[in-house]
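The values are calculated or read from the model by the stated rules, or taken from the named source; none is laboratory data. Note that this is a predicted model, so its numbers are computed, not measured. No Cβ is skipped: glycine too gets one built from the backbone with ideal geometry, and neighbour counts run over all protein chains shown.
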Amino acid sequence: MRIIVQRNGQKYGPYSEQTALQYMNQGQLFPHDLAQDDSAGSVSHWVPLEKLLGSPGASGPGFVGQTLTGLKSFDLRMIFPWKEITSLRWIRDRKLINLAAIGLAPAVALAIAPGANIAYWAIALYFSSIWALFFYYLFRTPEVAARLCFVCFFFTGIISIAVLLVLQNIPPWSLLYPLTESPSFITRALGMFFAVGISEEVCKAAIVFLIVCRPGTFLAPQTVVFYGMISGLGFGIYEGVSYQQNINREQGVDAAYFLNIARLTSLPFLHAVWTGISAYFISFAVLVPKKRFALWIVAICIPAALHAAYNTFGWSLIGLGTGLLSVILLMTYLSNCNQMHQHLGKP
């Protein structure tokens, strides 16, 4: 028998039956390699090498014998490299550390959190870190500074939120918020725009205004958008935890579960996108001072309208379409930075 072996489209051989069996036992040929008897001409078909050579037992001892022989051949130092583990060299492996941090952080947070409220915040910070890394991968520029990223995130999550909570209890917002519960669609939409959209987008954009207006500072629109997204992320995470601690607990088990997932994933993302849109126009307000006030209005009203539409229609097709439109707008704005600059420079 003249055996031809085929693997990954390449042919090897011919081998005698004894040679093919020897190579298979040595691991140079594999039982699942395709093989045919070349001496049989066109009547021979491609079959697994193990089948062509005979029964599965033809390659050596039976299942038990092969298993025992294989187990005895293992070097335990390779199966469980205790010496390498205790040497702590793995601490310098960035891929290993990143993988462990992403995979185990939620379990660690839940294990050490002293109470449910702390656990909510720990999990929220975990998801915000994942989003921040994702945004950094997609939108980072050489100008991005880690310090300002932390400032944007925590300023919005602490200072801006505190201001927003005060605004909600004073006119005109205290008069507008009840409109968001109106049975009238138009009234509810107006309430979502003026009470929720405007106030929240202003509070999220506040730190972006402060960053770009610093004397002697110039930041590219892409950089400002990144800071805006981090600011929106800080707001979204706070809002998510707040809902989990209050409104979500009033729902049934299934509804609360799905709402909690949304509040930690898609909704912080949408807040980040809306604030990124605000930041885009705020950055051009610095570049084109003569149109700054108009750009500030646009910077708040566009994301406020998207925000209001999403809140009004919820998880319906229109609501989800609004979310997709928000992403499309942001990415289109970023791709048209040069054209926007030229357009705004015209009288």
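Listed values, structure above:
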item: Single condition Ile170 does not satisfy, out of (1) part of a helix (DSSP H, G or I); (2) aliphatic (A, V, I, L, M); (3) surrounded by fewer than 20 Cβ atoms within 10 Å (Cβ to Cβ); result: (1)
item: Residues that are part of a loop (DSSP other than H, G, I, E, B) and in contact with a helix residue (DSSP H, G or I) (Cβ under 9 Å, 6 or more places away or on another chain), drawn from the range 1-15; result: Met1, Arg2
item: Among the candidates Leu176, Leu99, Leu164, Leu104, residue that is in the same structural domain as Pro268 (by TED's automatic domain parsing), part of a helix (DSSP H, G or I) and over 20 Å from Ile211 (Cα atoms); result: Leu176
item: Whichever residue in the range 317-347 is among the hydroxyl-bearing types (Ser, Thr, Tyr) and in contact with a helix residue (DSSP H, G or I) (Cβ under 7 Å, 6 or more places away or on another chain) and, among such residues, is surrounded by the fewest Cβ atoms within 10 Å (Cβ to Cβ); result: Tyr333
item: Which listed residue, of Arg249, Arg214, is over 20 Å from Ser278 (Cβ atoms) and of a type outside the set (Ser, Thr, Tyr); result: Arg249
item: The lone exception for Gln251 - which of (1) without any contact (Cβ under 8 Å) to a residue 40 or more places away in the chain; (2) crowded, with 21+ Cβ neighbours inside 10 Å; (3) of a type in the set (S, T, N, Q) it fails; result: (2)
item: Unique residue being β-branched (Val, Ile, Thr) and farther than 25 Å from Leu264 by Cβ when the list is Ile186, Ile230; result: Ile186
item: Selection from the range 5-54 of residues that are farther than 20 Å from Gln66 by Cβ, among the hydroxyl-bearing types (Ser, Thr, Tyr) and under 51 Å from the mean Cα position of the chain (by Cα); result: Tyr12
